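Nothing in this text is a laboratory measurement; each read-out follows from the coordinates by a stated rule. These figures come from a predicted structure and were not determined experimentally. So basically every Cβ, Gly included, is an ideal-geometry build from the backbone, and we count neighbours across all protein chains shown.
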Amino acid sequence: MDETNPEIESTLNELAKLVCESLKGENQDLIERRDGLLKSLLMSGYVWKSNEGLMTNVENRVKDQCGEQAMHRGGALSSITGKLATKFRELAQWESRTPNDDNPPKAANISSATDA
């Protein structure tokens, strides 16, 4: 079992709920709320606390919440969770970047760069 905190658990459960609703065709909030939820996971330290990947973790929760619907739509479930995992990796890479020290600071405007 992962050593996560309540915020991570709540966010993962919310993602699973949205994926489940998306599989049932009931709700399309997943795309609108995805980035915020994934950023919340990232800021909560999910990257370091989880022994499983995001895709596996969300799939397992969806199967628990949706049951039959998730079992019969396995391909769709894998597709959705794969996209979530890819987006999460992109966000994690973006957040971990530091400014490149090789480039010197540039003047904000022309008068700053000249004696004018």
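Give me 7, 21, 90 ranked fewest to most by other Cβ atoms within 10 Å of their Cβ, as a rough exposure proxy. Could you put the intermediate results ahead of the total?
Working: 7 14, 21 17, 90 11.
The most exposed by this proxy come first: 90, 7, 21.
Could you list the trypsin sites (Lys or Arg not before Pro) in segment 1-49 that lie in coil according to DSSP, counting only those with at most 12 other Cβ atoms within 10 Å of their Cβ?
When the trypsin sites (Lys or Arg not before Pro) of segment 1-49 are filtered for loop state and at most 12 Cβ neighbours within 10 Å, nothing remains.
Beyond 15 Å, what share of the Cα-Cα pairs of segment 6-96 remains, rounded to the nearest whole percent? Could the numbers behind the result be given before it?
Details: 2214 of 4095 pairs.
Cα-Cα pairs in segment 6-96 separated by more than 15 Å: 54 percent.
If I model a spin label at residue 5 and residue 72 as a point 7 Å from the Cα along the Cα→Cβ vector, what separation in nanometres do I get?
Modelled inter-label distance: 4.0 nm.
Treat each spin label as a single point 7 Å out from the Cα along the C-beta direction, and report the residue 31 to residue 14 distance in nm.
2.0 nm
Kindly put 68, 59, 14 in sequence by how many other C-beta atoms sit within 10 Å of each C-beta, fewest to most.
Numbers: 68 8, 59 23, 14 16.
Placing the least packed residue first, the sequence is 68, 14, 59.
Ranked by Cβ crowding within 10 angstrom, fewest neighbours first, how are 80, 8, 31 ordered?
Starting with the residue having the fewest Cβ neighbours, the order is 31, 8, 80.
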